[in-house]
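Only the coordinates and a few stated rules stand behind these numbers; no lab work does. Source: prediction; values computed, not measured. Cβ atoms come from the backbone with ideal geometry, glycine included; neighbour counts cover every protein chain shown.
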Amino acid sequence: MATTLDIQRRLVALGYQPGAIDGIFGDQTADAVKQFQRARNLAADGIVGPKTSAALFGDAVVAPGQTGAIVPADWMPVAKMQRIIVHWTAGAYKASGLDRSHYHILIEDDGRLVRGTPSIALNQAPVRKGYAAHTLGCNSGSIGVSLCCMAGASESPFVPGIAPMKRAQWETLPRVLAELCRRYVIAVTPKTVLSHAEVQGTLGIKQRGKWDITRLAFDPAVRGATACGDLFRAATKEQLA
Ligand SMILES: [Zn+2]
């Protein structure tokens, strides 16, 4: 059962204004709930019952193997976005609450999509409170997509750790990128669809040695940020063709 604090935080993450995040269900919180309910075609009574709760919290997951469009439309709210930055979480195969707080869309080991806590709209320039902080100095206008993997990995010598990236999540990535590119009219170029590891070299914004994504644990022949980035860009273009 979600607490009032959970509800308030979630409303903020989705771009609503429930007032102070104080755990008290006052008029402002109720008004924000009503606005949310209207947006989802629910009875606008300001009460978080089972249906509203499911709409607020229960839409985090898309099943693996789902064909056609895989990113739910309401994960992609109206916003002006300039680029997509691809990461790995350096965590486990399943998205944790912490993982979800840093990215907009996460891809688990079996290709299952999990919605991040912040709405993409919060990262529209200028970023708003609760935005997804995924890339140092480059969150404004940037959508963050992350593969859930690579906990305990190290770069040099390369050790893939306890959750090496799996092919299923890598192959789901271009499908997600293509849908985002279409929705936000983002061209697939090295400056607009890139990995975290490419940000410093391509955009000139320092990243403290981030190396996601420079290795594919299931394919040791591929090495380096550009090689990995070129692969997902080509696959994304193929999806868009
Ligand atoms: Zn990253």
Cα gyration tensor category, rounded, prolate or oblate, for the chain with a/c compared to 1.5: prolate
Sorted peptide list for 110-122, 150-162, criterion being average Cβ within 10 angstrom, highest first: 110-122, 150-162
Listed peptides 207-216, 70-79 by packing density, highest first (mean Cβ within 10 Å): 207-216, 70-79
The range 4-57: radius of gyration and largest Cα-Cα distance (Dmax), Å: 9.6, 27
Mean Cα-pair separation over length for the chain, i.e. relative contact order, pairs under 8 Å, 6 or more apart, %: 17 percent
The range 139-241: relative contact order as a whole-number percent, Cα under 8 Å and 6+ apart: 24 percent
GluC sites (Glu not before Pro) within the range 175-241: DSSP coil, no more than 11 neighbouring Cβ in 10 Å: none
Relative counts (whole %) of C-alpha pair distances in the range 71-199, using bins that are 10 Å wide: 14, 47, 33, 6, 0
Vicinal HN-Hα couplings computed from phi for the range 96-108 (Karplus, 6.51 cos²θ - 1.76 cosθ + 1.60; Hz; Gly/Pro x): 8, x, 5, 4, 5, 6, 9, 10, 8, 9, 10, 10, 7
